[in-house]
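Just so it is clear, none of the values below were taken in a lab; they were calculated from the coordinates. As the structure is a prediction and not an experimental result, all values here were calculated from the model. When we count neighbours, we look across all protein chains shown, and the Cβ atoms used for this are built from the backbone with ideal geometry, even at glycine.
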Amino acid sequence: MSQTHLETPEDLLRFQLRTAMTMEHDSLAALEELSEAAVTADIKKLFRHHADETREQIENLKKVFQLLEVPESTAPSPSTTGISKHAESLIARSAEELRDQVTLSAALGNEHYEMAAYQGIIIPVTAMGATDALQLLQANCEQEIHTSEELAERLKQLVGA
């Protein structure tokens, strides 16, 4: 399903849902890479935990597609591709002593993008009155917010802030 030209709010919402699905799949792949690159066991565990949450978020999105009667599919997510490439570049050039800081910072950037993406979907779904879909999207967004807070707290501990 190609949507190269968006003409209606419904077109935009469908496209945003499709890019959100891609975003979560990209995030899952990135979390695996960040977990491998991290040095400290608790940071690796944090990434593995969020990967489990991301799998739940993908399932939630699948349900949202069904509830809104939108065919489930994906669309390119240049933002998450760019965030992942940036993280790979930083990891490749970082000394091992910096790997935990680099991975936490990269993950934090990704979480902030995901929070914004979900908020951009939640607002029109709220206006539609699609409460079941809204609950699933809000659950995903709340997980992203919680993960962002965890990452920021762990980063502060790491750098002594």
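Things worth noting here:
- Of all residues in the stretch 64-82, none are of a type outside the set (A, V, I, L, M), within 20 Å of Ala152 (Cβ to Cβ) and surrounded by fewer than 16 Cβ atoms within 10 Å (Cβ to Cβ).
- Close contacts from the stretch 25-39, counting a first residue that is within 16 Å of Leu90 (Cβ to Cβ) and a second that is among the aromatic types (Phe, Trp, Tyr) and buried (at least 19 other Cβ atoms within 10 Å of the Cβ), with Cβ to Cβ under 6 Å and a gap of 6+ residues or different chains, come to Leu31/Phe47; Leu34/Phe47; Ser35/Phe47.
- Residue check for Arg99: part of a helix (DSSP H, G or I) and either free of Cβ contacts under 8 Å to residues at least 60 places away in the same chain or over 18 Å from Arg154 (Cα atoms) (or both): no
- Selection over the stretch 80-101 of residues that are closer than 17 Å to Ile43 by Cα and under 16 Å from the mean Cα position of the chain (by Cα) gives a count of 1.
- Subset of the stretch 130-148 (residues that are within 12 Å of Lys63 (Cα to Cα), hydrophobic (A, V, I, L, M, F, W, C) and more than 14 Å from the chain's Cα centre (by Cα)): Ala133, Leu134, Leu136
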